[in-house]
Every structure is written in C-alpha cells, then in structure tokens.
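The values are calculated or read from the model by the stated rules, or taken from the named source; none is laboratory data. Predicted model only: the values in this text are computed from it and were never measured. Every residue, glycine as well, gets a Cβ built from its backbone with ideal geometry; the counts of neighbours run over all protein chains shown.
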Amino acid sequence: MAKEIERKYLVRNDGWRSQVSSSSSFLQAYIASGKDRSVRIRIMDEERARLTIKIGRNLFARDEFEYDIPLSDAREMSVQALGVVLEKTRHRVPFGDHVWEVDVYAGTYDGLVVAEVEIADEKDQPAIPDWIGQEITGDRRYSNVTMATEDLSEELLNGLSFKTG
C-alpha cells in the first residue's frame, strides 16, 4: 500500500513557469465518493489512463492505490462522473530537494492555480519557493473530490488575487 503525504498551496505569481521540467494535461473524473474514500479516473494527455482509490479522512496523508486502465474504459467512466469533470494542466517544477506539481485549472475552475508537494514524512518541511502563497493543506474546499462533487468554482475563484494565463 502506498501512502500519499502532501502539502498544498495557492500560487501567488508566475515565477514557477521558467523552471517547469514537464507538463501534462489531465481530465479527472470521480466515479465514487464517500466520507473517507474516493475513486477517480484520470486521463493524461489523451494517451493513457489511471484508476485511483484514496482511503482516509485526513487530507494531508491518505492511503492511495493506483492502476493503469484502458483509455477507452476511462473515457466511458468519465461520462458517468459525479458532478464536475476537472480539467487541468500539471506542471512539474523542481525546487530544492522536491518536485512541486503546479496545477493550472481550466473549464469550471479556470484561473485557479494550486501547487502541491509530496513529502516522505508528515514532519518534513520542504523549502518553499517565493511563488508559493497561502497554505491550503487540509482545506477541504481545495480537495479535488470536493471541487468535483460540490462545484465550489464561484467561491474559490472569486477570492483569487492572482490568475495565470
């Protein structure tokens, strides 16, 4: 079993763009959701797909299981998604000893930019780049499953002082 431990932040400016090592477009759809678990499919670059199961109430550290699935199955499941199908481009940005993932949302959440960093231990304190803003780790509104199943676009986008383009 894999354990996902991550910290999540809003992004304050475009300072990360010059440091991007790779990018992928994602279509992310939730096909099941409960109080302490979710099942999602993710289509990456319209070329491959993964099924992910996350279990645990803590948004900071959860059990995570991921499996490659046929692209055709993922497309079929995405049509039956709960709520909003999330669209985003994920940019990988090396900084210090970690690789940050900067998600630039499109579609329903167009303008939202969030960065997360996976860490090995809950006590780890990664170096914070100057383009990072407010920490939102544990804020359920920024959980992808919540964004998909509750459509918080108006609430989350209205407070943004920085939008990327």
message = Take the conditions of a type outside the set (S, T, N, Q), crowded, with 17+ Cβ neighbours inside 10 Å, modelled with pLDDT of 95 or more and at negative phi and apply them to A115. Does it pass?
response = yes
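Starting from residues that are in contact with an Asp or Glu (Cβ under 8 Å, 6 or more places away or on another chain) and over 15 Å from W16 (Cβ atoms), keep the ones in segment 118-135 and report whichever is surrounded by the fewest Cβ atoms within 10 Å (Cβ to Cβ). Explain how you work it out, then say what you get.
Within segment 118-135, the first condition is being in contact with an Asp or Glu (Cβ under 8 Å, 6 or more places away or on another chain), and the residues that meet it are 118-119, 126-127, 131.
Restricting the remaining residues to those that are over 15 Å from W16 (Cβ atoms) gives 118-119.
Numbers: E118: 14, I119: 18.
Checked segment 118-135; the qualifying residue surrounded by the fewest Cβ atoms within 10 Å (Cβ to Cβ) is E118.
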message = Considering only segment 82-101, I want to know if a residue exists there that is aromatic (F, W, Y), out of contact with any helix residue (DSSP H, G or I) (no Cβ under 7 Å at 6 or more places or on another chain), surrounded by 20 or more Cβ atoms within 10 Å (Cβ to Cβ) and modelled with pLDDT of 95 or more.
response = yes
request  = Can you tell me which residue within segment 44-62, out of those that are part of a strand (DSSP E or B) and in contact with a Ser or Thr (Cβ under 7 Å, 6 or more places away or on another chain), is nearest to V102 (Cα to Cα)?
outcome  = M44
inquiry  = Looking at segment 137-155, I want the residues that are over 15 Å from G83 (Cβ atoms) and have a partner that is of a type outside the set (V, I, T) and not in a helix (DSSP H, G or I) with Cβ atoms under 6 Å, at least 6 apart or on another chain. Which pairs are those?
reply    = T137/R7; T137/K8; T137/F60; G138/L59; G138/F60
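Looking only at segment 1-23, filter to residues that are touching a Pro at 6+ places or on another chain (Cβ under 8 Å) and part of a loop (DSSP other than H, G, I, E, B); which one of those is farthest from D45 (Cα to Cα)?
Initial filter on segment 1-23 (touching a Pro at 6+ places or on another chain (Cβ under 8 Å)): 7, 15-16, 19, 21.
Filter once more, so that each one left must be part of a loop (DSSP other than H, G, I, E, B): 15-16, 21.
On the way: G15: 24, W16: 21, S21: 16 Å.
Ranking the qualifying residues of segment 1-23, first place goes to G15.
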